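The values are calculated or read from the model by the stated rules, or taken from the named source; none is laboratory data. All figures in this text were calculated on a predicted structure; none of them were measured in a lab. When we count neighbours, we look across all protein chains shown, and the Cβ atoms used for this are built from the backbone with ideal geometry, even at glycine.
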Amino acid sequence: MSPLTYIFLLPLLAALVILLIPGNFRFVIRCIALLATFASLVLAVVVFCRFDGAKADGFQFVQQLDWASSLGISYHVGVDGINLGLILMGATVVFAAVCVAREIKTREKEFYILLLMMGGGILGAFASLDLFFFYFFHELALVPTFIMIGLWGKGENKNYATFQITLYLSVGALLVLLGFLALYLQLPLHDRTLDLERLTQYFKAHPMPQAPQRLIFPLLLFGFGILVSLWPFHTWAPLGYSSAPTSTAMIHAGVLKKFGLYGLIRVALPMMPNEAQHWANIISVLCLGNILYCGLVAMRQRNLNLLIGNSSVAHMGFAFLGIASLGTIGITGTVLIMVAHGFLAALTFSLSGYLRDEVKTLDMNQMGGLLRKLPFIGTVMIMAMLAGCGLPGFAGFPGEVLVLFGAWQRSEVISAMAVWGALIIAGVYMLRAIRDIWHGDKAWTGISDVTTLWRKVPYGLLLGCLILFGFCPRLLTDNIKAGVAPIVRMVGAEDIEMTPIAKGHAAR
């Protein structure tokens, strides 16, 4: 059996075991969740280390079993350069989310079951090479989000946030489902399949006619776009994350939101290349809404979670910009941003959750001078906020550099505007937040820093991954480039080899 199966199955089996345990066995429930997600993380690290970079353009650790052969559905998992880093990032974030879930004091059994369903579901989606299970596992991860915000959410707007996120993401998921069904019906009756490899090979040999491409590509673009918070369908994200429990926000913002970007790269681009080229300029314009508009909104925020939420949406603009480049450089940068942002979003939301528990507020007007009382949390959050500015040395920097180099080949104007948004706008709101929260002479009593090594683990793990892939991005980029290259060839867009400057950034 492929280790990929165990990576997502262990959290799901742990949820099933917890279901059978009485709710007052809190310590046992937490231990089971921690052990299952830690084992999943170890397996993800093993897969990452054993992945053969010389064969990065094909799938490895493959397992395929017939499930409903009459409908062309099979259980099929595998990993290539594109989803290798995503699975590692997802397993890391899920483990860290379970570590910080100690804040939940009511209905703990139900919370851990839903949290493990979220983690196992999205890991299963990233590993799946069959569209049925790809969609099924995503929905398995998505539905608990609505419940967790409604039951354990915080803030006076949590009910509105629950309804809004449920409405938006349900519509997005429905559009994706319609797109998948339409894609399935494009195949001859005797060749119909939902297997991603077979679908890709079929449409490579038999290009899809233009008429169905015009229907299916927008369905997938806007369906996946809503799930990723593409502007102007982004309003659910900042409010939803600010109202969600800390662990839920970590997994959704860090991992689950990458499903849409991954789906566009894996499904929409290679199978509908003509429409991909037609929509590329439109995507470039829309992503500026994420980068500039959401960045300006973040500048106006005085609530820390709303600032982080809008910053997260702004980062997704860079990911879409790389996709719109339709080149190896840009899409490689997009995948690297997906991995880096997963670690960054999980880290920042975990830290804001700690501050909310200790300080009892996320209003930055009421903060200040906290670095004296919280030296560890303060140091880690300052580093995370600098990483959010795209500072060199963190994983987001090489990703953004590659995206900008890739996008420059398509439009110098849009690339220049994106640079302005990244350097100026992000720098302003992040540095101002550092000043308002951590510096000053305000005296605090009754708050305490993280002191035990065990409680430092999730923060140190996420920050360590940001630094590791910031200094050694080639651990990811070489494999990503090999996985992206066949997709770029199918799109048929002119691709330009990585320039010496870009190679230098990627090698750091």
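When the range 35-62 is filtered for residues that are within 25 Å of residue 118 (Cβ to Cβ), among the aliphatic types (A, V, I, L, M) and crowded, with 17+ Cβ neighbours inside 10 Å, the ones remaining, listed by number, are 36, 39, 41, 43, 44, 47.
Within the group 370, 386, which residue is of a type in the set (A, V, I, L, M, F, W, C), farther than 30 Å from residue 286 by Cα and in contact with a Phe, Trp or Tyr (Cβ under 8 Å, 6 or more places away or on another chain)?
On the way: 386 fails: farther than 30 Å from residue 286 by Cα.
The unique qualifying residue is 370.
Restricted to helices (runs of 4 or more DSSP H) entirely inside the range 400-490, those with at least 2 residues that are modelled with pLDDT under 90, touching a helix residue (DSSP H, G or I) at 6+ places or on another chain (Cβ under 7 Å) and not hydroxyl-bearing (Ser, Thr, Tyr) are 412-420, 426-438. Residue check: residue 418 meets all listed conditions (1) on the phi > 0 side of the Ramachandran plot; (2) surrounded by 17 or more Cβ atoms within 10 Å (Cβ to Cβ) but one, namely (1). Filtering 333, 368 for residues that are touching a helix residue (DSSP H, G or I) at 6+ places or on another chain (Cβ under 8 Å) and surrounded by fewer than 21 Cβ atoms within 10 Å (Cβ to Cβ) leaves a single hit, 368.
Go through 207, 238, 212 for me and flag whichever is farther than 21 Å from residue 140 by Cα and crowded, with 24+ Cβ neighbours inside 10 Å.
238
If you go through the range 188-204 one residue at a time, do you hit one that is in contact (Cβ under 8 Å) with a residue 24 or more places away in the chain, touching a Pro at 6+ places or on another chain (Cβ under 7 Å) and not hydrophobic (A, V, I, L, M, F, W, C)? Within the range 188-204 (the criterion being in contact (Cβ under 8 Å) with a residue 24 or more places away in the chain, touching a Pro at 6+ places or on another chain (Cβ under 7 Å) and not hydrophobic (A, V, I, L, M, F, W, C)), the answer is yes, since at least one residue qualifies.
Residue under question is residue 295, and the condition is that it be in a helix (DSSP H, G or I), touching a helix residue (DSSP H, G or I) at 6+ places or on another chain (Cβ under 8 Å) and at pLDDT below 90; does it hold? Judged against the criteria, residue 295 is a match.
Could you check how many residues of the range 433-447 are in contact (Cβ under 8 Å) with a residue 24 or more places away in the chain and either basic (Lys, Arg) or farther than 12 Å from residue 369 by Cβ (or both)? Quick ask: steps written out before the conclusion?
Going residue by residue through the range 433-447, those that are in contact (Cβ under 8 Å) with a residue 24 or more places away in the chain are 433-434, 436-444, 447.
Narrowing further to those that are either basic (Lys, Arg) or farther than 12 Å from residue 369 by Cβ (or both): 433-434, 442.
Going through the range 433-447 one residue at a time, the tally reaches 3.
Summed over the range 370-399, residues that are in a loop (DSSP other than H, G, I, E, B) and either within 21 Å of residue 313 (Cβ to Cβ) or small (Gly, Ala, Ser) (or both) total 6.
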